[in-house]
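A.B. asks: Have a look at the structure that comes next, please.
No lab work stands behind these numbers, since they all come straight from the coordinates. Computed from a predicted model, the values in this text were never measured in an experiment. Neighbour counts are summed over all protein chains in view; Cβ atoms, including those assigned to glycine, are modelled from backbone coordinates with ideal geometry.
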Amino acid sequence: MNGFASSSSASLAASLRGTVMRVARRLRSERVDGSLSMAALVALGTIESREPLTASELAAAERLQPSSTTRLIAVLEKNGYIDRDRDPKDGRQSILRVTPTGRQIVATEREHRQEWLAHVLDEFTAQEQDQLRAVIPLLHRIGNA
């Protein structure tokens, strides 16, 4: 990246950023149980989808600083949402796995958000839903950039 974007790209970026942030904020507000921070819930979901996982792999996946990752892991472990075991390949590392309680939290939160979003999408026309489907691969590319 050279730091210069066309005015067309810059304008699109501004609109897209604002819209994506509003949608993300709205999804985050749809919580079943707010006792766990959003950062901890996201980390729990990442561990669940990629387990077994080390702390450094979690930090890389979520682009977190090691100290933040350590705090999140401590909260998740304290609440019984994850277990930590010694890595048999490297005794200095721990392997993170989600407990049944943690899986239930992730599933409940995901289902609630998905139900909310499906309800919103029910108000869209078939053509609008098709337009959204067409954009999903592009949003994946942005998210993975």
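A.B. asks: Given DSSP loops and a limit of at most 15 other Cβ atoms within 10 Å, what is the longest stretch of the chain that contains no such GluC sites (Glu not before Pro)? Present the calculation step by step, with values, prior to reporting the outcome.
C.D. replies: Details: sites that count: Glu30, Glu123.
That would be 31-122.
A.B. asks: In whole angstrom, note down how far apart the Cα centers of segment 1-52 and segment 77-122 are.
C.D. replies: 18
A.B. asks: Continuing with the same structure: Return the Cα extents of segment 9-143 along principal axes one, two and three, sorted largest first, each rounded to a whole Å.
C.D. replies: Principal axes ranked by extent give 53, 33, 22 Å for the Cα atoms.
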